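Structure record follows, encoded as structure tokens.
The values are calculated or read from the model by the stated rules, or taken from the named source; none is laboratory data. What you see is a predicted model; the values in this text were computed from it and never measured. Quick reminder, even Gly has a Cβ in these numbers, built from the backbone with ideal geometry, and neighbours come from all protein chains shown.
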Amino acid sequence: MKALTWTTAAPVVALVVLVAAWGRDLPTALLLALAVVLAAAVLSAVHHAEVVAHRVGEPFGSLVLAVAVTVIEVALIVTLMVSGGDKTSALARDTVFAALMITCNGIVGLSIVVGASRHRIVGFNAEGTGAALAMVTTLAVLTLVVPTFTTSASGPEFSSSQLTFAAIVSLLLYGMFVLTQSGQHRDFFLPVHQDGSPVAPEEHASPPTTRDALTSLGLLLVSLVAVVGLAKVESPGIEATVRAAGFPDSFVGVVIALVVLLPETIAAVRSARWNRLQISLNLALGSAMASIGLTIPTIAIASIWLGGPLTLGLGDVQMVLLGLTVVVSILTVVPGRAIRLQGGVHLALLAAFLFLAVQP
């Protein structure tokens, strides 16, 4: 790894800019400049994630990026909830649901369309992907649907004991999946051809050294901190734009979720272009799973001092979109291969989610 490249400089510059801009009321011109720095940090994060993935191999590489993004995303949610009071009672739900729809429909759909456009039919391991989808579905229903129907607390909320139960189960399920993905059944999450045969590892490029991989891991974390932090700094400008357009305030969370998930989206699409759709699905479903499995336990702990209400239950329209996403995802996963049409259906569901977020 070269001592100084743009991928090395971008995370450091982005972090310096973040420190300088934090807590300040910036004019429009500076907000536009911050957007350029934010884009550079996103592209840098993708590069360093690929370096780490090349060193540790799959599925560990996908796991690194998914967990890193989610941990920082959770920290941002908790920070905003602590400072926002009752007005942010639904922030965790809205953020997690937005991440779920973006990953399961946006990243999955775009990856399938890109991969199938280049290779006609793209294959993946239905066993591993099906297990990941089952986990995402269970976590989503348990934490986002069940609170709408419980009666121990008023409104779409969990009682303290119910929230504790959901947090423990979410963490245990996520831990079980990580052990399964990285342990005895690791081969279920490795790339395959459309006939189910395994894809040979890349041989044209030797893996980076341990030192280079550790350096990239550090720069990846710096990039992700900068991405989430700059997204928060940009949020006042985004809020003003959203209000000027007549959109509901909740759409701001969707915009920020789109920004935070950009590194995984770019990495997933690149993998799909190389006919490695399994890696794309690992990233998408792993991110959705981590978003729920790590957010709910963290929010459960944070609720000790948050004090205000915590709205987790989805509304009717959101539950319909979630149910349709699960059904379509099952139909996509079962054959173990996909064509552009299936990717288009997922993208249509994402478009419906975005449209209804603007026009609820």
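When the residues of segment 161-192 are filtered to those that are of a type in the set (S, T, N, Q) and surrounded by 13 or more Cβ atoms within 10 Å (Cβ to Cβ), which remaining residue is nearest to N282 (Cα to Cα)?
Applying the filter and picking the extreme gives Q181.
Okay, residues lined up against (1) closer than 13 Å to G229 by Cα; (2) in contact with a strand residue (DSSP E or B) (Cβ under 6 Å, 6 or more places away or on another chain); (3) crowded, with 21+ Cβ neighbours inside 10 Å:
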{"site": "T5", "(1), (2), (3)": "no, no, no"}
{"site": "A10", "(1), (2), (3)": "no, no, yes"}
{"site": "L15", "(1), (2), (3)": "yes, no, no"}
{"site": "L18", "(1), (2), (3)": "yes, no, yes"}
{"site": "V42", "(1), (2), (3)": "yes, no, yes"}
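Of all residues in segment 142-174, how many are under 30 Å from P191 (Cβ atoms) and without any contact (Cβ under 8 Å) to a residue 40 or more places away in the chain?
1
Can you list the helices (runs of 4 or more DSSP H) found entirely within segment 236-335 that contain at least 1 residues being over 19 Å from the mean Cα position of the chain (by Cα) and closer than 28 Å to Q181 by Cβ?
The helices (runs of 4 or more DSSP H) meeting that bar are 262-273, 277-306, 316-333.
Only one of L142, L214 is surrounded by fewer than 19 Cβ atoms within 10 Å (Cβ to Cβ), modelled with pLDDT of 90 or more and out of contact with any strand residue (DSSP E or B) (no Cβ under 9 Å at 6 or more places or on another chain). Can you tell me which?
Testing whether each residue is surrounded by fewer than 19 Cβ atoms within 10 Å (Cβ to Cβ), modelled with pLDDT of 90 or more and out of contact with any strand residue (DSSP E or B) (no Cβ under 9 Å at 6 or more places or on another chain) leaves just L142.
Among A300, A352, which is the only one that is modelled with pLDDT of 90 or more, surrounded by fewer than 24 Cβ atoms within 10 Å (Cβ to Cβ) and either closer than 23 Å to T148 by Cα or hydroxyl-bearing (S, T, Y) (or both)?
Unique residue meeting the criteria: A352.
List pairs: first residue in segment 264-279 and free of Cβ contacts under 8 Å to residues at least 60 places away in the same chain and more than 22 Å from A41 (Cα to Cα), second residue surrounded by fewer than 24 Cβ atoms within 10 Å (Cβ to Cβ) and of a type in the set (S, T, Y) anywhere in the structure, Cβ distance under 9 angstrom, at least six positions apart or on different chains.
Every condition considered, no pair remains.
What are the pairs, 6+ residues apart or on separate chains, where a residue within segment 316-328 that is touching a residue at least 40 places away in the same chain (Cβ under 8 Å) has its Cβ under 8 Å from a residue that is surrounded by fewer than 19 Cβ atoms within 10 Å (Cβ to Cβ) and outside any helix (DSSP H, G or I)?
V317/P360
Is it the case that P309 is in contact with a Pro (Cβ under 7 Å, 6 or more places away or on another chain) and either surrounded by fewer than 22 Cβ atoms within 10 Å (Cβ to Cβ) or more than 30 Å from R337 (Cα to Cα) (or both)?
no
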